[in-house]
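A short worksheet on the structure shown next.
The values are calculated or read from the model by the stated rules, or taken from the named source; none is laboratory data. In this text the structure is predicted, and so the values were computed from the model without any measurement. FYI the Cβ positions are ideal-geometry reconstructions off the backbone, even for glycines, and counts take in every protein chain you see. With ligands, DNA and RNA removed, areas are computed over all heavy atoms of the protein, side chains included. Shrake-Rupley method; radii C 1.70, N 1.55, O 1.52, S 1.80 Å.
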Amino acid sequence: MPGQALPGFREFYPEETALRSHIFKVWRDVAARYGFDEYDGPPLEPLELYTAKSGEEIVDQLYAFHDKAGRAVALRPEMTPTLARMVAARAQALKKPIRWFSIPQLFRYERQQRGRLREHFQLNMDLIGEPGPLADAEIIAAAIDVQRGLGFGPDDVRVRIADRRVVYALLVHAGVADDAMGTTYTVLDKFEREPRKKLHDRLTAAGLESAVADRALAVGAIRDRATLSTALGELAAGPDVGDDLFACMDALDAMGLGEFADIDLSIVRGLAYYTGIVFEVFDAPRSLRAICGGGRYDGLLKALGGVDLPATGFGMGDVVLSELVRARATRDHTGPRLDTFLIAVTAEDVAPVLELGHVMRDAGRSVEFALKAQSMGKQLKLAAARGARRAVIVGPDERAAGAAIVRDLDAGTEERVAFERLKQ
Ligand code: HAM
């Protein structure tokens, strides 16, 4: 229907735009505090950028078509492949570790549901060139600090952290064959959303023996360090495969952010390119889809650009965050308030109002005035409707004295103020 936006695409009325701007501001503030530089890439990319490495799930959701020259193209569903290509192309010249962030709008043809649309904005923060667990901790800390910047504490949001190498080693030990690993990851990914029996049935349907399926599900159920240490202690290869994960948790503790973070071995992530520590941020009751997801992808730059550089990062969408911020019903996300509404008492006062208004705007204040001749009562009503902090009333008597009446619209008080002072 031409009278409606497409399903899954949002129209941002000013109130929603103000909320979006508030979230973007917190994103940019945190990125700046972590020393990240902003970049951007093309919204339309060659289709093969995603078919190469992103994995089936995202490829199924592509907005893909042929352009007028017959090229197979896709709207970007994620930023990571673009980033990997851009960094790989200038890898020699860029100083490592590279700390880059971006806020792209992304497009996925998904089944629309709560927290899941067909476009969203996503903060991407990625750290490239550093393989150690402190880099993972740095990235996770930034994701937590965005939550703190929006006013959320550890009772509101949780970060769940795992390591694909750890999950893989434990699944091999549990008896999962390599060719069933992909299915087992997919099943673990659904751990908290589907009943255990159903997960078990899926695993046996994929060819796992019942006892192996039980053991695989026990791996996905690991939620704390002690249980993980015990499980790793049983590995023939030795427990050191867990060292990075433990070092990352220790670093978060040292930063004072440990109370936000849980080990959760059901976090494997849907995208195919992750190789190490992976994590997701959820609202604490886990009533919504993930706020943020990311992890280490050490092979992607090599695959897409031939440069072997380790990398870790995350994507954080604006959709779930907006719901959570709105649910808190504070007003800190509404747009900035109008500073001054200028009122002309007579027709002769209009030109002085225009002059004063423009000087005030040049000085950085937000200023409005009526755009046609109106009674003072109507103008005052308009000032209130616009939420102005104060009305500045310019009439013949005050003007003769080089002044205006300033009415504080919150307190209801009035004073006479010289034009010269108002212009500062
Ligand atoms: P992702 O898990 O596909 O990861 O997306 C990250 C976040 O984007 C999700 O947690 C969610 O908040 C948001 N998101 C994704 N799809 C939608 C949707 N259809 N509607 C609303 N929000 C959505 C990635 O995209 C990786 N490239 C992230 C990354 C960056 N990994 C390393 N660096």
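Annotations
- Residues satisfying the stated conditions in region 273-301, i.e. of a type outside the set (Ser, Thr, Tyr), open to solvent by 20 Å² or more (accessible area, probe 1.4 Å) and closer than 20 Å to residue 131 by Cβ: 298, 299
- Just one of the listed residues (232, 245) is in contact (Cβ under 8 Å) with a residue 24 or more places away in the chain, closer than 27 Å to residue 97 by Cβ, outside the structural domain of residue 87 (by TED's automatic domain parsing) and more than 16 Å from the ligand (Cβ to nearest atom), and it is 245.
- Against the list (1) modelled with pLDDT under 95; (2) at negative phi; (3) within 13 Å of the ligand (Cβ to nearest atom), the condition residue 287 fails is (3).
- Residue count for region 139-160, restricted to those that are within 14 Å of the ligand (Cβ to nearest atom) and touching a helix residue (DSSP H, G or I) at 6+ places or on another chain (Cβ under 8 Å): 8
- Matching residues, region 294-321, being more than 10 Å from the ligand (Cβ to nearest atom) and not β-branched (Val, Ile, Thr): 298, 299, 301, 302, 303, 304, 305, 306, 308, 309, 310
- Any hit, region 96-103, residues being touching a Lys or Arg at 6+ places or on another chain (Cβ under 9 Å) and within 29 Å of residue 191 (Cα to Cα): no
- Scanning region 13-40 for residues that are assigned to a loop (DSSP other than H, G, I, E, B) and in contact with a helix residue (DSSP H, G or I) (Cβ under 6 Å, 6 or more places away or on another chain) turns up just one, 34.
- Test: residue in region 146-153 that is farther than 30 Å from residue 6 by Cα, over 17 Å from the mean Cα position of the chain (by Cα) and in the same structural domain as residue 315 (by TED's automatic domain parsing): no
Quick grid of which residues meet (1) open to solvent by 70 Å² or more (accessible area, probe 1.4 Å); (2) within 26 Å of residue 15 (Cβ to Cβ):
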residue: 363; (1), (2): no, no
residue: 370; (1), (2): no, yes
residue: 379; (1), (2): no, yes
residue: 383; (1), (2): no, yes
residue: 387; (1), (2): no, yes
residue: 393; (1), (2): no, no
residue: 408; (1), (2): no, yes
residue: 417; (1), (2): no, no
residue: 420; (1), (2): yes, no
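- Screening the candidates 321, 265 for the property of being in a loop (DSSP other than H, G, I, E, B), open to solvent by less than 20 Å² (accessible area, probe 1.4 Å) and in the same structural domain as residue 96 (by TED's automatic domain parsing) yields one hit, 265.
- Hey, residue 15 loosely packed, with under 14 Cβ neighbours inside 10 Å, away from the ligand (no atom under 12 Å from the Cβ) and in contact (Cβ under 8 Å) with a residue 24 or more places away in the chain or not: yes
- For region 188-209, the tally of residues that are open to solvent by 60 Å² or more (accessible area, probe 1.4 Å) and either farther than 24 Å from residue 290 by Cβ or polar (S, T, N, Q) (or both) stands at 5.
- Unique residue being under 24 Å from residue 302 (Cβ atoms), open to solvent by 80 Å² or more (accessible area, probe 1.4 Å) and at pLDDT below 95 when the list is 92, 113: 92
- Taking residues in region 42-68 that are in the same structural domain as residue 106 (by TED's automatic domain parsing) and within 19 Å of residue 300 (Cα to Cα), and partners anywhere that are open to solvent by 90 Å² or more (accessible area, probe 1.4 Å) and assigned to a strand (DSSP E or B), not one pair has Cβ atoms closer than 7 Å while being at least 6 places apart or on different chains.
- Entirely in region 338-402, the helices (runs of 4 or more DSSP H) that have 3 or more residues that are in the same structural domain as residue 417 (by TED's automatic domain parsing) and touching a residue at least 24 places away in the same chain (Cβ under 8 Å): 350-362, 376-385
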